[in-house]
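Structure, as structure tokens:
The values are calculated or read from the model by the stated rules, or taken from the named source; none is laboratory data. Please read these numbers as outputs of a predicted model, since none were measured by experiment. Here the Cβ positions follow ideal geometry from the backbone for every residue, glycine too, while neighbour counts run over all protein chains shown.
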Amino acid sequence: MKKFFVWSTLLGLLIYGFFIARGKYYQHRDEQRRAVYYENLVDTSSPTVRVIRDSILIGYQNETRTIHTYVPPNYYSDTTTRYPVIYMMDGESSFNDLENMGPEWEIDEVINTASDKGKPTAIVIGINQSDKSRDAEYTPFVNEDNPDAHGDKYAEWVTSDLKQWVDSNYRTKVNAQSTTIGGISRSGMMAYYMLMAHPEVFGNALIMSPSMWVDHDRLMAMNLTENQVKDKKIHISVGEYEGRTMIPAAEGIYAKFEALGLDDDHLKYDMIMGESHWHITWRKAFALGYPWLMK
């Protein structure tokens with residue numbers, strides 16, 4: 001019995017050591033990949049990307065915010081077509097390595113390619129994260145870890161003031177089925193929250209690597225009726241190496257909407273193979289989610 005205990009302990013330590021070493025290997029690999037990007041940063045945005053710096057007022061915070069706007073290549077030559085709109089939080093990462101100081105998500109490249117092939121296109125609004133309080137802005141409920149959380153007010157600002165400004169300045173389709181909310185990590189969690197809190201505004205969501213651990217139970221307790229979700233399109237994604245917290249959270253969201261009766265035309269889950277919690281994961285996720293969303 002003693003010998004069995006010793007061998008089982010050694011085996012347990014070996015297995016534990018294997019997973020620790022595996023995690024360090026992928027962490028080191030990602031650090032090397034990121035270093036290459038940082039050394040070779042250039043402007044990677046398309047000609048129809050515009051940066052509006054510190055000009056969009058967030059009234060309840062009494063501050064301005066930078067947004068990044070993209071319109072399809074034929075937007076200015078075809079002056080009658082109206083377009084669906086995708087709102088992306090953490091939006092400085094949407095179009096330009098220099099704005100992100102790292103690998104962008106290549107949203108403009110994906111939609112430009114769709115345009116070249118005669119596929120549907122969209123306007124994209126990238127909303128900069130807060131320089132002062134990203135966590136508070138991307139947390140909907142006050143809790144012990146986030147006593148200054150005001151994500152509920154931020155969501156109301158996006159759905160009212162910002163959307164009104166976008167619809168007034170661009171040729172948009174204003175209905176919910178043509179309006180998508182998207183985000184990554186903590187803002188991916190906010191994309192889920194905003195879809196649930198404002199189903200009359202957002203008909204679709206791109207929920208990438210959602211940090212549901214921020215307030216898991218209250219977030220998952222949010223409910224919509226089958227009638228409220230039946231026409232929505234929801235794409236959920238997570239990296240293969242994002243771990244035992246992030247992957248079950250993404251799977252939980254998928255299961256929640258699947259239980260409401262959404263089929264494969266309205267609900268899609270992608271695990272991004274070979275990737276962890278970083279921008280290349282979200283670049284690949286958007287490339288998978290966008291054509292499905294726009295079918």
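Would you confirm, using the coordinates I've provided, whether Leu293 is in contact with a Ser or Thr (Cβ under 9 Å, 6 or more places away or on another chain) and surrounded by fewer than 22 Cβ atoms within 10 Å (Cβ to Cβ)? Against the criterion (in contact with a Ser or Thr (Cβ under 9 Å, 6 or more places away or on another chain) and surrounded by fewer than 22 Cβ atoms within 10 Å (Cβ to Cβ)), Leu293 qualifies. Checking the structure you have, find out if any residue of the range 29-51 is more than 29 Å from Met190 (Cα to Cα), at pLDDT 75 or above, of a type in the set (Asp, Glu) and in a loop (DSSP other than H, G, I, E, B). There is no residue in the range 29-51 that is more than 29 Å from Met190 (Cα to Cα), at pLDDT 75 or above, of a type in the set (Asp, Glu) and in a loop (DSSP other than H, G, I, E, B).
Sub-7 Å Cβ pairs linking a first residue in the range 143-157 that is without any contact (Cβ under 8 Å) to a residue 60 or more places away in the chain and crowded, with 18+ Cβ neighbours inside 10 Å to a second residue that is part of a helix (DSSP H, G or I) and of a type outside the set (Asp, Glu), at least 6 apart or interchain, are Ala149/Ala136; Gly151/Met190; Gly151/Tyr193; Ala155/Tyr193; Ala155/Met194; Ala155/Ala197, ordered by first then second residue. In the range 262-274, the qualifying residues are those that are over 18 Å from the mean Cα position of the chain (by Cα) and on the phi < 0 side of the Ramachandran plot, and the one that is surrounded by the most Cβ atoms within 10 Å (Cβ to Cβ) is Leu262.
Do any helices (runs of 4 or more DSSP H) lying entirely in the range 176-237 carry at least 1 residues that are of a type in the set (S, T, N, Q) and over 21 Å from Val158 (Cα atoms), and which ones are they?
Values: elements: 186-197, 216-220, 226-229.
Those helices (runs of 4 or more DSSP H) span 226-229.
Here Tyr254, Tyr241 are screened, and the one residue that is part of a loop (DSSP other than H, G, I, E, B), in the same structural domain as Ser93 (by TED's automatic domain parsing), more than 26 Å from Thr113 (Cβ to Cβ) and not small (Gly, Ala, Ser) is Tyr241.
Can you tell which of Ala287, Ala249, Ala259, Ala255 is crowded, with 21+ Cβ neighbours inside 10 Å and of a type in the set (Gly, Ala, Ser)?
Numbers: Ala287 fails: crowded, with 21+ Cβ neighbours inside 10 Å; Ala259 fails: crowded, with 21+ Cβ neighbours inside 10 Å; Ala255 fails: crowded, with 21+ Cβ neighbours inside 10 Å.
So the residue among Ala287, Ala249, Ala259, Ala255 that is crowded, with 21+ Cβ neighbours inside 10 Å and of a type in the set (Gly, Ala, Ser) is Ala249.
Do we have any residue at all in the range 119-132 that's within 30 Å of Val36 (Cβ to Cβ), in contact with a His (Cβ under 9 Å, 6 or more places away or on another chain) and part of a loop (DSSP other than H, G, I, E, B)? Checked against the condition, which is being within 30 Å of Val36 (Cβ to Cβ), in contact with a His (Cβ under 9 Å, 6 or more places away or on another chain) and part of a loop (DSSP other than H, G, I, E, B), the range 119-132 yields at least one hit. Evaluate the following for Pro140: is it over 15 Å from the mean Cα position of the chain (by Cα), crowded, with 19+ Cβ neighbours inside 10 Å and over 22 Å from Leu293 (Cα atoms)? It is true that Pro140 is over 15 Å from the mean Cα position of the chain (by Cα), crowded, with 19+ Cβ neighbours inside 10 Å and over 22 Å from Leu293 (Cα atoms). Kindly indicate whether any position in the range 161-170 is touching a His at 6+ places or on another chain (Cβ under 7 Å), in a helix (DSSP H, G or I) and surrounded by 20 or more Cβ atoms within 10 Å (Cβ to Cβ). No; the residues of the range 161-170 include none that is touching a His at 6+ places or on another chain (Cβ under 7 Å), in a helix (DSSP H, G or I) and surrounded by 20 or more Cβ atoms within 10 Å (Cβ to Cβ).
More than 14 Å from Ser187 (Cβ to Cβ), in contact with a Gly (Cβ under 8 Å, 6 or more places away or on another chain) and either in the same structural domain as Ser187 (by TED's automatic domain parsing) or not basic (Lys, Arg) (or both), is that true of His235? For His235, the condition - more than 14 Å from Ser187 (Cβ to Cβ), in contact with a Gly (Cβ under 8 Å, 6 or more places away or on another chain) and either in the same structural domain as Ser187 (by TED's automatic domain parsing) or not basic (Lys, Arg) (or both) - is met.
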